[in-house]
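Only the coordinates and a few stated rules stand behind these numbers; no lab work does. This is a predicted model, so every value here is computed, not measured. Because the Cβ atoms are built from the backbone with ideal geometry, glycine has one as well, and the counts that use them run over all protein chains shown.
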Amino acid sequence: MSIKSISLFLLLNGVAIFSCSQKQSFSEQKIVGGEEIPADHSIAKSTVALVNSLNLKSFCSGVVIARRVVLTAAHCILQTTPDSVVSFGNISEETPTIKIGHSVTHPDFDESQLEIEEPLSIPADIGLIFLESDAPVSFAPNTLPTNDKQISGNDALVLAGYGASEVRPNKGLGVLRAVTTSVSKIDSVNHELRYGGQRGKTACVGDSGGPAFTTSKSKTSRLELVGIISRGETLCTEIGFVTDLRDYGHWIITESSIQH
């Protein structure tokens, strides 16, 4: 399957692809072919959901990088409203949530790309959410990758998010899942990682903004944050893209004032 034959979606839980314009319609997406993550897992201690507080419906995911800073996709920030909150755990009325203080998207993010039916790249699809209060003490901020971190084609790539588990209907939406796929291409021009190669294992709507990890080469084999989920195929079958964080560390640190 060639890239040009793929109908791409932004991994939101809404019907508009990357923007609020409602000009394009896209399938609702989620982690497909993965499994639920228990609350005591390291992924669960840093991955969050962006939620409409009025109906407790999640529309994107994110990852905690400081006590009051969440990293997500730029197109997810475009979907936030005054009723949007960050949820720390599988969504229910009892799950802790924190209001969004303010947010910022990367200056190179071009919203007009969201109007393209099959964008070949969405550079700088990354943004920061600043919370009104500290994340729960059970959550541990993730460490950003250095710009010299080595990533190779065919490296295992773990995707995590709160999207649904089936394309239609939105079964399982609001539950944290993760799936392992692999890096298939490193786009150093547009600062993206393409993944695929394992049919039926991918991210979908609701997973946008969620973290992508590789496994360290050390004996501990710990998960290391390397990307933010951006977009993928409409039917959530295999191929997708994540924003490569190695190229955005300086901007993230400057905007958030976190220690790297």
**Fill in**
Full extension between Asn147 and Ser53 adds, at 0.36 nm per residue less the Cα distance, a length in nm of 30.2 nm
**Asked** Among the listed pairs Lys45/Lys185; Lys57/Lys99; Lys149/Lys201; Lys99/Lys149, which are separated by more than 22 Å between their Cα atoms?
**Response** Lys45/Lys185; Lys149/Lys201; Lys99/Lys149
**Message:** Checking the cross-link filter: which aspartates and glutamates have an alpha carbon closer than 19 Å to that of Lys217, excluding same-chain neighbours under 8 positions apart?
**Reply:** Asp148, Asp155, Asp244
**Ranking of Asp134, Asp40, Asp125 by count of other Cβ atoms within 10 Å, fewest first** = Asp40, Asp134, Asp125
